């Protein structure tokens, strides 16, 4: 058996697609059985447990030791899980879970550890202060360095992230695979009939609808986003913007400046695909930070799967070069205006969807996932 370990991850669409759906896919590959072990907040524990088990029915969901400052104490829970299940390996999501898995390996409770790296953790904490605690933030470089150097195998979301490991932590090996953030099951379904969705949002057939899906906080860079969109709405009279986001004052200000041309909705994850498919282009613009230079935003694959060209910043992980090289949209560079946008043809929509299926589904990455299972068996 292999354990897939997560620590303090909040239940969300990203968790369902990048954890629960990954575990489900791994269990189709005829390798060792993989079982999710989720350490979650004791606050709201039973509600979180119900949500996780709804997506991964055999998941082991345990209340973590309270208070983030005491995160190391959770190694005892991981050790207990190892004694009970006797796994050969642990796939640990993030640096803290990997630290706990490495402690279990030191005790001889597991043979192999995979560092499942979703980004540059120390950089993200330093640049965006995920918690307002200098002492805790200061621990992250050493913890991340150990995860990079000491894991038996590594899963990176981008080649850019691997280069970061080599530059910052002196990683010289080749014991890693690169798998970008892939589509969740909700986005792999057939194309929906979108006419009613589009009209229900107040958009006409002559409008060009640009969509932004996701949070607007921190590394999502709304201050930058708002300025770009304001200029585009001024210059492109047919353009309208749909935010699939939580409420935000910046969105409200933009809507007030452009009455009837900015719409916001906040939906459950399974409700998002038809909304995306009713649009004409997608925006993935973020500020130029180390966090973003190694990232693989989940939304990129979701946009392509919806048949949308992506307008992307010039520095987003491996994806900006992919957009430029494969004709998947347009690359936006700082100081420029957004390109003139038009509704894509049926042929172009089919092209984007086909690219997403070929490169951003879990099935399409089965070779990489099999190699991880082999390293952890």
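Readers should treat all values here as calculations from the given coordinates under stated rules, not as data from a laboratory. In this text, all values refer to a predicted model and were calculated from it rather than measured experimentally. Cβ placement follows ideal geometry from the backbone for every residue including glycine, while neighbour counts extend to all protein chains displayed.
Shape call for the range 60-122 from the C-alpha gyration tensor, a ≥ b ≥ c root eigenvalues: rounded (a/c under 1.5), prolate (a/b greater than b/c) or oblate?
The shape class here is oblate.
From the list (i) 21.1, 65; (ii) 22.1, 74; (iii) 19.9, 63, can you say which value of Rg and Dmax of the Cα atoms in Å was derived from the structure given?
Computed from the coordinates, Rg and Dmax of the Cα atoms in Å corresponds to (i).
Against the longest alpha carbon principal axis of the chain, how many degrees, from 0 to 90 and to the nearest 10, is the axis of helix 346-359 turned?
Tilt relative to the chain: about 10 degrees.
Order of 258, 300 from fewest to most other C-beta atoms within 10 Å? List each step's numbers first, then the result.
Details: 258 16, 300 26.
With the fewest neighbours first, 258, 300 line up as 258, 300.
Find the centroid of the Cα atoms in the range 145-195 and in the range 235-280, then give the distance between the two in whole Å.
29 Å
Let me make sure I get this right: for the range 185-359, a, b and c are the square roots of the gyration tensor eigenvalues over alpha carbons, sorted descending. Under 1.5 in a/c it's rounded, otherwise prolate if a/b > b/c, else oblate. Which is it?
rounded
For the chain, what is the mean residue ellipticity at 222 nm derived from helices alone (per DSSP H run of n ≥ 4: -39500 (n - 2.57); sum divided by total residues; nearest 500 deg cm²/dmol)?
Helices in the chain give a 222 nm mean residue ellipticity of -11500 deg cm²/dmol.
Can you classify the range 1-109 as rounded, prolate or oblate using the Cα gyration tensor, where a ≥ b ≥ c are the square roots of its eigenvalues, rounded means a/c under 1.5, and otherwise it's prolate if a/b beats b/c and oblate if not?
oblate
Subtracting the Cα-Cα distance from 0.36 nm times the residue separation, let me have the gained length for residue 336 to residue 50 in nm, one decimal.
Stretched fully, the residue 336-residue 50 segment lengthens by 98.3 nm.
Which whole-angstrom value gives the distance between the alpha carbon centres of the range 56-81 and the range 319-348?
Taking the Cα centre of each part, the range 56-81 and the range 319-348 sit 43 Å apart.
Sticking with the crude label model, points 7 Å out along Cα→Cβ, report the distance from residue 150 to residue 12 in nm, one decimal please.
Modelled inter-label distance: 2.8 nm.
On a full-extension model of 0.36 nm per residue, what is the gain between residue 127 and residue 252, subtracting their alpha-carbon distance, rounded to one decimal in nm?
42.4 nm
In what order do 9, 257 fall by count of nearby beta-carbon atoms within 10 Å, going from fewest to most?
Ascending number of Cβ neighbours within 10 Å: 257, 9.
So, in nm, how far is label residue 67 from label residue 350 when the simple model puts each one 7 Å beyond its Cα toward the Cβ?
Roughly 6.1 nm, to one decimal.
Have a look at 239, 62, 201 and tell me which one the Gaussian network model of the chain (Cα, springs below 10 Å) gives the largest fluctuation.
Most flexible of the set in this elastic network: 201.
Mind checking the full-extension length gain between residue 80 and residue 215? Use 0.36 nm per residue of separation minus the Cα-Cα distance, one decimal, nm. Write down the numbers at each step before the final one.
Values: separation 135, 0.36 × 135 = 48.60 nm, distance 3.57 nm.
Gain on stretching residue 80 to residue 215: 45.0 nm.
Please report, to two decimal places, log10 I(q)/I(0) for the range 189-278 at q = 0.17, 0.20 Å⁻¹ as given by the Debye formula with identical point scatterers on the Cα atoms and no solvent.
-0.72, -0.99
For the range 185-359, what's the relative contact order in percent, using C-alpha pairs closer than 8 Å and at least 6 residues apart?
24 percent
What is the fewest-to-most order of 181, 114 by other Cβ atoms lying within 10 Å of their Cβ?
Listed from fewest to most nearby Cβ atoms, that is 181, 114.
Once the Cα gyration tensor of the range 136-211 is diagonalised, what are the square roots of 5 times its eigenvalues, in whole Å and ordered largest first, as equivalent ellipsoid semi-axes?
Semi-axis lengths for the range 136-211 are 43, 16, 12 Å.
Using all Cα-Cα distances in the range 80-159, what percent lands in each 10 angstrom bin from 0 up to the longest?
19, 46, 27, 8
Report relative contact order for the chain in percent, whole number only (criteria: Cα-Cα under 8 Å, sequence separation at least 6).
With pairs under 8 Å counted, the relative contact order is 17 percent.
Report the residues of the range 278-312 in range of a label on residue 235: point 7 Å along Cα→C-beta, backbone N strictly under 16 Å from it.
Answer for this model: 283-285, 311-312.
What is the percent of Cα-Cα separations in the range 257-323 that go past 15 Å?
Considering the range 257-323, 58 percent of its Cα-Cα pairs are separated by more than 15 Å.
Using the alpha-carbon atoms, what tilt in degrees (0 to 90, nearest 10) does helix 45-55 show relative to the longest principal axis of the chain?
70 degrees
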